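Structure first, then comments.
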Amino acid sequence: MIDYLIGVDGGGTGTRVRLALPDGTLLAEGSAGPSALLHGIPNAWNAVEQAAAAAFAAAGLGVPERERIAIGLGLAGVHNRGWAAEFIGANPGYAAVALESDAYTTVLGAHQGQPGAIIALGTGSVGEVLGEDGSRREVGGWGFPSGDEAGGAWIGMRAVNHVQHVLDGRAAGGPFADAVIAACGGGRDAIQSWLASATQTRFAQLARIVLEHAAGDDTAREIMLEAGRQVGLIAGALDTAGRLPIALCGGLAEPMRAFLPGELLARIVPASGDSATGALQLIRRQLAEASVKE
């Protein structure tokens, strides 16, 4: 018997879950470290379980046996079908598991399962559209470092590139460059060491510095304006007719609004829910379909 549902939003920076009863009553939320599949399948499951345990604790409940729980997940990295299959195969005992990309669960949550598009801006970036005919399509989401334009890691990498130019004498410095240099350890040798072990998450942490200096530094502002242009390109590819509502989601959604092209900003609508909300919809739908087949 399934007594609890868990909806999971897992990315490269952190994992958030929502705990609910089968009738949809929300009980609590929890969070933990990254669960993007690129960090490894064991690490992903570990983060999911830590976040779930935090949610049960927040609800004042002990963690029940896994066979009493059905779990829906929207995870970064699911586009790699090998990773996705490995993740499902490593299910530690949940009664039911529904796995999709975090982009798809985000579009489900943002528009309550109705047609619409989302652009998720966090550590990475991706666009997803749910068409009026039920079709779905993804734009971007190719992953760091080759893609994920306008995501935090993309922004951070451009900040590091700028300080490389500053330290070489190819560009003028200033408070913005100084702040990035300090965050990376200070000086050329320290930055070389930082780069040798820098992950997507560490690059994304530099996005905060870019945003802090965008009002007063031309380079920081241009990085953010280019990020806004990239968001516009994603939006245009998602909905060429310009009819569907578009929601911006993720940790960079609100800060990015100031740098979006005006014609896109006019089309943005508030998201009704997030990826964890969509993941709950996903697992409820799977359970309902399984019940019909029985």
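The values are calculated or read from the model by the stated rules, or taken from the named source; none is laboratory data. Remember, it's a predicted structure, so these values are computed and weren't measured experimentally. So basically every Cβ, Gly included, is an ideal-geometry build from the backbone, and we count neighbours across all protein chains shown.
All but one of (1) outside any helix (DSSP H, G or I); (2) at pLDDT below 95 hold for ARG202; which doesn't?
With (1) outside any helix (DSSP H, G or I); (2) at pLDDT below 95 applied to ARG202, the lone miss is (1).
Does the stretch 111-163 hold any residues that are closer than 28 Å to HIS213 by Cα, touching a residue at least 12 places away in the same chain (Cβ under 8 Å) and among the polar types (S, T, N, Q), and which are they?
THR123, SER125
Select from the stretch 162-197 the residues that are aliphatic (A, V, I, L, M), within 14 Å of THR219 (Cβ to Cβ) and surrounded by fewer than 14 Cβ atoms within 10 Å (Cβ to Cβ) and list them in ascending order.
ALA172
Per-residue answers, yes or no, for (1) over 13 Å from the mean Cα position of the chain (by Cα); (2) among the β-branched types (Val, Ile, Thr); (3) under 30 Å from ASN161 (Cα atoms):
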site: TRP45; (1), (2), (3): yes, no, no
site: ILE69; (1), (2), (3): yes, yes, no
site: LEU73; (1), (2), (3): no, no, no
site: HIS79; (1), (2), (3): yes, no, yes
site: ASN91; (1), (2), (3): yes, no, no
site: ASP102; (1), (2), (3): no, no, yes
site: PRO115; (1), (2), (3): yes, no, no
site: GLY143; (1), (2), (3): no, no, yes
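Consider GLY216 against the criteria (1) surrounded by fewer than 21 Cβ atoms within 10 Å (Cβ to Cβ); (2) under 27 Å from GLY40 (Cα atoms): it satisfies all of them except one. Which criterion is unmet?
Among (1) surrounded by fewer than 21 Cβ atoms within 10 Å (Cβ to Cβ); (2) under 27 Å from GLY40 (Cα atoms), the lone unmet condition for GLY216 is (2).
Go through the residues of the stretch 119-131 one by one and say whether even a single one is farther than 30 Å from ALA198 by Cβ, surrounded by fewer than 16 Cβ atoms within 10 Å (Cβ to Cβ) and of a type outside the set (S, T, N, Q).
Looking through the stretch 119-131, at least one residue is farther than 30 Å from ALA198 by Cβ, surrounded by fewer than 16 Cβ atoms within 10 Å (Cβ to Cβ) and of a type outside the set (S, T, N, Q).
Can you name every residue in the stretch 234-261 that is closer than 26 Å to ILE209 by Cβ and either without any contact (Cβ under 8 Å) to a residue 60 or more places away in the chain or β-branched (Val, Ile, Thr) (or both)?
Correct list: ILE234, GLU254, PRO255, ARG257, ALA258, PHE259, LEU260, PRO261.
List, please: which pairs have Cβ atoms under 8 Å, are six or more places apart or on different chains, and start with a residue in the stretch 176-200 that is under 24 Å from GLY143 (Cβ atoms) and end with one that is basic (Lys, Arg) and surrounded by 13 or more Cβ atoms within 10 Å (Cβ to Cβ)?
TRP194/ARG202
Among the numbered conditions (1) without any contact (Cβ under 8 Å) to a residue 40 or more places away in the chain; (2) touching a Lys or Arg at 6+ places or on another chain (Cβ under 9 Å), tell me where ALA51 comes up short.
(1)
Of (1) modelled with pLDDT of 90 or more; (2) assigned to a loop (DSSP other than H, G, I, E, B); (3) acidic (Asp, Glu), ASP133 satisfies all except one. Which?
(1)
Please find, within the stretch 89-117, the residue that is surrounded by the most Cβ atoms within 10 Å (Cβ to Cβ) out of those that are farther than 16 Å from GLY7 by Cβ and aliphatic (A, V, I, L, M).
Looking at residues that are farther than 16 Å from GLY7 by Cβ and aliphatic (A, V, I, L, M), I get ALA117.
Tell me, which residue of the stretch 236-253 that is in a loop (DSSP other than H, G, I, E, B) and closer than 17 Å to ALA276 by Cβ is nearest to the chain's Cα centre (by Cα)?
Ranking the qualifying residues of the stretch 236-253, first place goes to GLY250.
Quick test for you: out of VAL17, VAL48, VAL78, VAL63, pick the one residue that is of a type in the set (A, V, I, L, M), part of a loop (DSSP other than H, G, I, E, B) and crowded, with 21+ Cβ neighbours inside 10 Å.
Only one candidate qualifies: VAL78.
Can you name the residue in the stretch 117-130 that is β-branched (Val, Ile, Thr) and not in a loop (DSSP other than H, G, I, E, B) and is also farthest from the chain's Cα centre (by Cα) among such residues?
Looking at residues that are β-branched (Val, Ile, Thr) and not in a loop (DSSP other than H, G, I, E, B), I get VAL129.
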